[in-house]
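Engineer: The structure's right below; bear with me while I get my questions together.
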Amino acid sequence: MGTMPEKIGIMADSHGKPEVIQGAISFLKEKECSLLYHLGDICDSGSPGTADVCVELLKKHDVIAIKGNNDHIVVVNHRTQPGEVVSRPTLTSGICMIWEPARETSHCLSFF
């Protein structure tokens with residue numbers, strides 16, 4: 001018998017709700033997923049104040065994330081809003097990974 005394939009957990013569209021991210025992470029870890037991915041819309045353009053908490057949660061659990069359209073809007077709006085709704089570390093977080101199967105390598109992009 002061969003080895004068991006690695007389980008991959010996928011989540012998406014948490015829209016700025018850290019409790020949804022935590023619930024998905026807990027569920028996927030219970031199912032013994034060793035790789036976790038978030039496929040975008042981590043943040044919500046209507047509530048950008050939760051972006052820091054959501055991104056920190058993903059980083060804490062080594063979730064590989066891809067920027068969604070709401071995440072992009074949070075950044076664009078952040079540049080034109082007075083004050084700091086989203087912290088600089090979140091804006092420059094390197095949690096977005098791009099996998100290149102042909103080269104068997106990955107590289108990290110700025111999250112935003």
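The values are calculated or read from the model by the stated rules, or taken from the named source; none is laboratory data. Quick caveat: nothing in here was measured; it's all calculated off a predicted structure. Don't worry about glycine lacking a Cβ; one is built from the backbone with ideal geometry, like all the others, and counts go over all protein chains shown.
Engineer: Within segment 54-68, is there a residue that is surrounded by fewer than 16 Cβ atoms within 10 Å (Cβ to Cβ), of a type outside the set (D, E, K, R) and either at pLDDT below 90 or closer than 15 Å to D13 by Cα (or both)?
Structural biologist: No, that holds for no residue.
Engineer: Moving to a separate point now. Under 8 Å between Cβ atoms, which residue pairs at least 6 apart in sequence (or on different chains) link something in segment 1-29 that is under 24 Å from N70 (Cα atoms) and among the β-branched types (V, I, T) with a partner that is at pLDDT below 95 and part of a helix (DSSP H, G or I)?
Structural biologist: I21/C54; I21/L57; I21/L58; I25/L57
Engineer: Would you mention how many residues in segment 1-38 are part of a loop (DSSP other than H, G, I, E, B) and surrounded by 14 or more Cβ atoms within 10 Å (Cβ to Cβ)?
Structural biologist: Residues in segment 1-38 being part of a loop (DSSP other than H, G, I, E, B) and surrounded by 14 or more Cβ atoms within 10 Å (Cβ to Cβ): 7 in total.
Engineer: What tally of residues in segment 39-53 results from selecting those that are β-branched (V, I, T) and either farther than 19 Å from I8 by Cβ or part of a helix (DSSP H, G or I) (or both)?
Structural biologist: Within segment 39-53, residues that are β-branched (V, I, T) and either farther than 19 Å from I8 by Cβ or part of a helix (DSSP H, G or I) (or both) number 2.
Engineer: Whether any residue in segment 80-88 is touching a Cys at 6+ places or on another chain (Cβ under 9 Å) and either at pLDDT below 80 or not in a helix (DSSP H, G or I) (or both) is what I want to check.
Structural biologist: Checking segment 80-88: at least one residue is touching a Cys at 6+ places or on another chain (Cβ under 9 Å) and either at pLDDT below 80 or not in a helix (DSSP H, G or I) (or both).
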